[in-house]
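J.: The structure is given below, and queries will be raised subsequently.
The values are calculated or read from the model by the stated rules, or taken from the named source; none is laboratory data. If you're wondering where the values come from, they're calculated on a predicted model, not measured in any experiment. Cβ atoms come from the backbone with ideal geometry, glycine included; neighbour counts cover every protein chain shown. Remember, those area values only see protein heavy atoms, side chains included, never the ligands or the DNA or RNA. Shrake-Rupley method; radii C 1.70, N 1.55, O 1.52, S 1.80 Å.
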Amino acid sequence: MADKIFRVNMSTLSTAIEDVPANWNGLGGRGLTSTIVAAEVEPTCHPLGGKNKLIFAPGMLSGTVAANSGRLSVGAKSPLTGTIKEANAGGTAAQMLARIGCKALIIEGLPQGDTWYNILISADTITLSEETELVGKGNFDVVTAVQGRTSEKHGIMTIGPAGEMKMHSANISIKDPDSRLRSCGRGGLGAVMGSKQIKYIAIEPTEAKVEIADPDKFKEANRTFTKALVDNPISQALGTYGTNVLVNIINEAGALPTRNFTSGQFDGHEEISGETMHDTIVEREGKPKHNCHTGCVIQCSQIYNDSDKKYKTSGFEYESIWAMGADCCVDNLDQIAEADHLMDDIGIDTIETSVAMGVAMEGGVLEFGDGEGICRILREDIAKGTALGRIIGCGAGSVGRAYGVTRVPVVKNQAIPAYDPRAIKGIGITYATSTQGADHTMGYTIATNILGVGGSVDPLSHEGQVELSRNLQIATAAIDSTGMCLFIAFAALDDETCLPALVDMINARFGINLVAEDVTNLGISILKTERAFNEAAGFTNKDDRLPEFFSEEPIAPHNVVWDISDEEIDTFWNF
Amino acid sequence: MAAEDRISITVKLFAFFRDNRFKKQEQQFPANTTVRDIILFQGINPEEVGVTMINSRQCTLDQIPVQGDQLAIFPIIGGG
């Protein structure tokens, strides 16, 4: 059965299942969402208006048994940044979409009235229904209710109150195998779904399998690939401490943004570290290891219980913990876990919202260190849509504008994540030049700047940072198209068997003959497509800049500023 | 060896290197002791070491810390 494009038009309330255009055939994940946005969305359109489109696409290998291949890409023009946007997450949806033969789901147009809708898709039908019961509900209630209406095996993609209120930090949540949530977090894609008045999309389970052109070759390549992942020591550490293992090393490197980016080290780092989190999880009978999708062999997620040994949160990530922890000076992991849970339920990006809280603290809305205050604002303001809640829910830039704060860590209006660019200069290049606003995952130079993966580039030097970021951004765009979790990159950068096995799997899946260079070229072509969209939307190289405070305020302990020139930043695009 | 030939280093361990060891400890070493020797002194296999920093700056295993330095020793880790 050939893959199809599933299309829903919310203006006419009509649906269609179409053949895949020939030039989209070799694409998946981010490569496909960005290609469709570039082809079908007017770059200058209002992101929450009728001309924007919301695209869901499983990766090229999603739905197969390839290890770690269950990432779902969601794309649109971002209401937060005004740029093209792709956010990806695990959960069950990518694999389920691939198995029903959905190469991409495109949602276009806007409904005319106030009616909300839900969508149910299966291999050959798209059902659009009016929704009343779940409007205003949090994501956890939505999952419970939709499973009651359908089955526990259905896939679910949902928005919470933040998406309904079109807050620019709203995310799209994807149900995981335990009926909990993973988030396509960044850039406000939940607001785009909210603008189209779709509360959730459910996917019917199927017994069908993804067709593999050469099953024997695929199996062999997957065996090699899986071994490379499992044997990698970073994979093993991720399974023990989660991504939060980074708190202590980034703090030690003097690059842990603290107190709204005024210091590079946090006194309370041990209290919020991966080591403390691991011990707490074990003591409270949670699970240090947990997979966000079937087939993940790294298992960086976890189940974090409260002090009564009851489930509190999962997918408790370094970025979220840093942002509520060091950046807001909260040294209480339980308060951070509560806030993480609340943000999952409200459906709002933990990075953007927590950095916005840090800016709000500087603006005098609440005190630094007030973890209870963060939870109160989440419950009483953001979830309920008060004026303050909407200001914070529209991100760090929004808070800065409303409260007259000038130290606002954003690029293209998207909050800078957990690595200070003054002390790790490679990641500053990524923040500045990324096609999607500040985002560490676009070109994760931390690997080479700090972790010694893929070689070593001194984080405090100018040398080699642009080239490092460029190479990683190209590779990442390609990986984000395969459906692979980005954490395969740790093995791919240092284990020479890993990438060839990945290319072999793609070839065996589709019966094609790509070589490594083709994969690099795919990454280059995705970046250029995204860049061209942004330029047509009005962005120039003047937008590829960090906020001026990074150049003016030295950060402890290294007492360094951002000092890579604009001309040097602009050489990024020389390829 | 005379006492003045010994230097004091604050050694910090992370992740599973802490198991049955410590988080942070001040230790005495002869002057000219390399980072590698300090790692071996902890009973840690240098091949398991991913990152070392002296006073928050990346260092090599051949580097020689001086009196009062802080040496941080991490296994091979990653996240993001």
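J.: Do you know which residues across the range A:104-131 are in contact with a Phe, Trp or Tyr (Cβ under 7 Å, 6 or more places away or on another chain) and open to solvent by 20 Å² or more (accessible area, probe 1.4 Å)?
T.: A:Ile126, A:Leu128, A:Ser129, A:Glu130
J.: If you check A:Glu40 against the conditions, is it open to solvent by 10 Å² or more (accessible area, probe 1.4 Å), under 25 Å from A:Ala478 (Cβ atoms) and not hydrophobic (A, V, I, L, M, F, W, C)?
T.: yes
J.: Looking only at strands (runs of 3 or more DSSP E) that fall completely inside the range A:49-133, which ones have 1 or more residues that are in contact with a Pro (Cβ under 6 Å, 6 or more places away or on another chain) and farther than 18 Å from A:Glu207 by Cα?
T.: Ranges flagged: A:72-77.
J.: Going by the structure shown, is A:Arg545 open to solvent by less than 60 Å² (accessible area, probe 1.4 Å), over 17 Å from A:Ser34 (Cα atoms) and outside any helix (DSSP H, G or I)?
T.: yes
J.: What number goes with the only condition from (1) among the β-branched types (Val, Ile, Thr); (2) within 13 Å of chain B (Cβ to nearest Cβ); (3) within 22 Å of the chain's Cα centre (by Cα) that A:Ile303 does not pass?
T.: It fails just one condition, (2).
J.: While we're on this one: I'm trying to understand the selection: among the residues of the range B:38-57, which are surrounded by 14 or more Cβ atoms within 10 Å (Cβ to Cβ) and either outside any helix (DSSP H, G or I) or among the polar types (S, T, N, Q) (or both)?
T.: Of everything in the range B:38-57, those that are surrounded by 14 or more Cβ atoms within 10 Å (Cβ to Cβ) and either outside any helix (DSSP H, G or I) or among the polar types (S, T, N, Q) (or both) turn out to be B:Gln42, B:Ile44, B:Val49, B:Gly50, B:Val51, B:Thr52, B:Met53, B:Ile54, B:Asn55, B:Ser56, B:Arg57.
J.: For B:Gln28, are the conditions met, namely being away from chain A (no Cβ under 11 Å), more than 23 Å from A:His269 (Cα to Cα) and assigned to a loop (DSSP other than H, G, I, E, B)?
T.: So B:Gln28 fails the test.
J.: If A:Lys287 meets every condition in (1) surrounded by 20 or more Cβ atoms within 10 Å (Cβ to Cβ); (2) within 25 Å of the chain's Cα centre (by Cα) apart from one, which number is that one?
T.: (1)
J.: Please determine, by comparing only the residues of the range A:435-465 that are surrounded by 24 or more Cβ atoms within 10 Å (Cβ to Cβ) and closer than 14 Å to A:Asp420 by Cα, which one is farthest from the other protein chains (Cβ to nearest Cβ).
T.: Ranking the candidates gives A:Ala438 first.
J.: For the subset of the range B:58-80 comprising residues that are more than 10 Å from every other protein chain (Cβ to nearest Cβ) and without any contact (Cβ under 8 Å) to a residue 60 or more places away in the chain, which member is surrounded by the fewest Cβ atoms within 10 Å (Cβ to Cβ)?
T.: Checking each candidate, the answer is B:Asp62.
J.: Considering each of A:Val192, A:Val245 in turn, give the residue that is buried (at least 21 other Cβ atoms within 10 Å of the Cβ), within 12 Å of another protein chain (Cβ to nearest Cβ) and either assigned to a helix (DSSP H, G or I) or among the basic types (Lys, Arg) (or both).
T.: A:Val245
J.: Could you look through the range A:132-163, keep only residues that are of a type in the set (Ser, Thr, Tyr) and closer than 23 Å to A:Ala191 by Cβ, and pick out the one that is most open to solvent (accessible area, probe 1.4 Å)?
T.: A:Thr132
J.: Related question: Out of the range A:516-568, which residues are of a type in the set (A, V, I, L, M) and either within 14 Å of another protein chain (Cβ to nearest Cβ) or more than 26 Å from A:Asn251 (Cα to Cα) (or both)?
T.: Across the range A:516-568, the qualifying residues are A:Ala516, A:Val519, A:Leu522, A:Ile524, A:Ile526, A:Leu527, A:Ala532, A:Ala536, A:Ala537, A:Ile555, A:Ala556, A:Val560.
J.: Ok, one more. So in the range A:218-242, with the set limited to residues that are aromatic (Phe, Trp, Tyr) and more than 7 Å from chain B (Cβ to nearest Cβ), which one is farthest from A:Lys287 (Cα to Cα)?
T.: Ranking the candidates gives A:Phe218 first.
J.: Can you say whether A:Leu493 is buried (at least 24 other Cβ atoms within 10 Å of the Cβ), without any contact (Cβ under 8 Å) to a residue 60 or more places away in the chain and either part of a loop (DSSP other than H, G, I, E, B) or within 14 Å of chain B (Cβ to nearest Cβ) (or both), as far as the supplied structure shows?
T.: no
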